[in-house]
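S.K.: Sending over a structure as structure tokens; questions will come in a sec.
The values are calculated or read from the model by the stated rules, or taken from the named source; none is laboratory data. Since this is a predicted model, take the numbers as computed values, not measurements. For neighbour counting, all protein chains shown are included, and Cβ atoms are generated from backbone atoms with ideal geometry for every residue, glycine included. Protein only, heavy atoms only, side chains kept; ligands, DNA and RNA dropped before computing areas. Shrake-Rupley method; radii C 1.70, N 1.55, O 1.52, S 1.80 Å.
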Amino acid sequence: PAAAAAAAAGETGAAAEPAVLTVAGRAQGKENQDLQGEYFRLPALHCGRPVYRKRGTRAVIRFHSGQGKWLIDRDGLEGDAGECNAYGTPTPDVCAGSGSAPEEKLHWRIWEGDQRRHVHDPQFVVTAAPSVLQVVEDCKSETDPFAVCSDVVGEYKLIGKHRGKVCYRRVKGGNVEYDTYVIRYDPVKDLWLIDSEGFRDGQHCTAFAARGGGLHPGEAVGQWIIWSPDGGWIGCGLRVVTAPSALEVLGRDPARNNGTMNGSYHLRGFWQGRVCYAKADGSSHVLRFSPAKRSWFVDFQGLRTSEECNAFVKVADYKTTWHHPIVAEGHWKVWEPEGRHVADPRVHALLAPHMVTIRGRSQQAGNVAINGEYYLVDHLVEGKPAYMKYNSNHVIRYLEVHDRWVIDLEYGLNGGEAANAYADAWGAEFPLEELEWKVWHADAQNYITDLQVVAEAHWHSRIDW
């Protein structure tokens, strides 16, 4: 999910390298499966090429100039220059090392300890395609004929390759299991297909759109065509987009005017050419885009075409930052009783888990109280989301001076450098499962690594409206 903001913003470097790469396709139970995930481009080059790091870890995708290969190395840039956990070799139509970033057509070989060698995995892919796509439909009346799209809407996750292109499978509730709906590629007709029957060859499908040279289904050209329950193919208001299924609005003082704008907003569909979000708490609060104002609105009156709103943030670059509110720049301006919108620099729209569970600290060890459920608080701490246990001052917060995530059982959100446990952030924007925690040990009077301690992020499931 963290890639949605950077990918949707169309962020590029000097040589137009992708901002995010996704590694996917390694089968469950296979060695080095944990290499999968999103890798974010670092500011500096390595061997004259961009380098990408998996947030919360040392693992990087880097180029080895001596071998002319792209490598994935869990030891990062500090590891042996030629050793790696995986490497990509070019297909016959791609020259070795020809691109400034890894080509999707590379054949990847993954280290398998039982064979003592790197073994080709045809499903393994390193790609600039997003790790998650959302299939949505236009927000119109319940009687609108486009309602036939509802069977295919949902969140689809990148799982590997099919017939030479990236492929996606729809996630069931809870973001754990998959159902039979997939998005796959048909090379004969050059189409992206949404298929209720899973991965198969041929053009049989539920919906389709022309690829038009796009890297992934979100770049399909023209209208999506869907099979109607009444028989026959019809055009519809179906969209495949790169956007989070939920986002958080934080920072507005609850005691001030429009303080209820804080909260979780869930993907609702498409409205006036952009994705839109709504709260699921029974209110009419929505996040919607205003083409006329080139701004994102928080509107307590629901989806409408009015240019009135409770708060807004301007889009700095209309061509690259219109996709969803996370990539908007500048301060949110909130309506005040004096009759105008006033900038509130504390307000942010961001992607963050709504809860983090810390587990794994042994009952026999000190600081066992770090275990438990921590819930997102309504403001940022040192520029990052923070979490607190209910009815407690136990918190997880970011410490910028050391680039660490800390667990503090004593001093709360303003505890400074005090910590019962900490993990080097390695670029993590919120606590991740990959973080390696060091816990204070009273007898040793030092922090000792505890590999059993895990931070598990909990995300809102996509709502079936």
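Quick grid of which residues meet (1) out of contact with any strand residue (DSSP E or B) (no Cβ under 9 Å at 6 or more places or on another chain); (2) at pLDDT 95 or above; (3) surrounded by 16 or more Cβ atoms within 10 Å (Cβ to Cβ); (4) under 23 Å from VAL153 (Cβ atoms):
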| site | (1), (2), (3), (4) |
| --- | --- |
| SER245 | no, no, yes, yes |
| GLU248 | no, yes, yes, yes |
| ARG256 | no, yes, no, no |
| TYR265 | no, yes, yes, yes |
| GLY273 | no, no, no, yes |
| SER295 | no, no, yes, no |
| GLN301 | no, yes, no, no |
| PHE312 | no, yes, yes, no |
| VAL315 | no, no, yes, no |
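S.K.: Evaluate the following for THR206: is it open to solvent by less than 30 Å² (accessible area, probe 1.4 Å), in contact (Cβ under 8 Å) with a residue 24 or more places away in the chain, polar (S, T, N, Q) and touching a Pro at 6+ places or on another chain (Cβ under 6 Å)?
M.R.: No: the conditions fail for THR206.
S.K.: I'd like the full set of residues that are over 21 Å from the mean Cα position of the chain (by Cα) and part of a strand (DSSP E or B), limited to region 290-318.
M.R.: SER290, SER295, PHE297, VAL298, ASP299, ALA311, PHE312, VAL313, LYS314, listed by residue number.
Let's see how each residue does on (1) of a type in the set (Asp, Glu); (2) touching a helix residue (DSSP H, G or I) at 6+ places or on another chain (Cβ under 8 Å); (3) at pLDDT below 90:
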{"position": "HIS120", "(1), (2), (3)": "no, no, no"}
{"position": "THR127", "(1), (2), (3)": "no, no, no"}
{"position": "VAL132", "(1), (2), (3)": "no, yes, no"}
{"position": "ASP144", "(1), (2), (3)": "yes, no, yes"}
{"position": "LYS161", "(1), (2), (3)": "no, no, no"}
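S.K.: Could you please find all residues in region 368-388 being open to solvent by less than 30 Å² (accessible area, probe 1.4 Å) and outside any strand (DSSP E or B)?
M.R.: The one that is open to solvent by less than 30 Å² (accessible area, probe 1.4 Å) and outside any strand (DSSP E or B): ILE370.
Conditions tested, residue by residue: (1) in a loop (DSSP other than H, G, I, E, B); (2) open to solvent by 50 Å² or more (accessible area, probe 1.4 Å); (3) free of Cβ contacts under 8 Å to residues at least 24 places away in the same chain.
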{"residue": "VAL406", "(1), (2), (3)": "no, no, yes"}
{"residue": "GLU417", "(1), (2), (3)": "yes, yes, yes"}
{"residue": "TRP426", "(1), (2), (3)": "yes, yes, no"}
{"residue": "GLU433", "(1), (2), (3)": "yes, yes, no"}
{"residue": "SER461", "(1), (2), (3)": "yes, no, no"}
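S.K.: For region 168-193, enumerate the residues that are in contact with a Phe, Trp or Tyr (Cβ under 7 Å, 6 or more places away or on another chain) and touching a residue at least 12 places away in the same chain (Cβ under 8 Å).
M.R.: TYR168, ARG169, ARG170, VAL171, ASN175, VAL182, ILE183, ARG184, TYR185, LEU191, TRP192, LEU193, listed by residue number.
S.K.: Would you mind finding the one in ARG170, ARG184, ARG200 that is open to solvent by 20 Å² or more (accessible area, probe 1.4 Å) and assigned to a strand (DSSP E or B)?
M.R.: ARG170
S.K.: Further, regarding this structure: Keeping to region 35-68, report how many residues are over 15 Å from TRP111 (Cα atoms) and either among the small types (Gly, Ala, Ser) or more than 23 Å from the chain's Cα centre (by Cα) (or both).
M.R.: 14
S.K.: Can you pull out every residue in region 58-68 that is under 11 Å from CYS47 (Cα atoms) and either buried (at least 17 other Cβ atoms within 10 Å of the Cβ) or modelled with pLDDT of 95 or more (or both)?
M.R.: ARG62, PHE63, HIS64
S.K.: Could you give me the residue pairs with C-beta distances under 9 Å whose first residue belongs to region 244-255 and is under 13 Å from ILE463 (Cα atoms), whose second residue is of a type in the set (Ser, Thr, Tyr) and modelled with pLDDT under 95 wherever it lies, and which are 6+ apart or on separate chains?
M.R.: What qualifies is SER245/SER461; ALA246/SER461.
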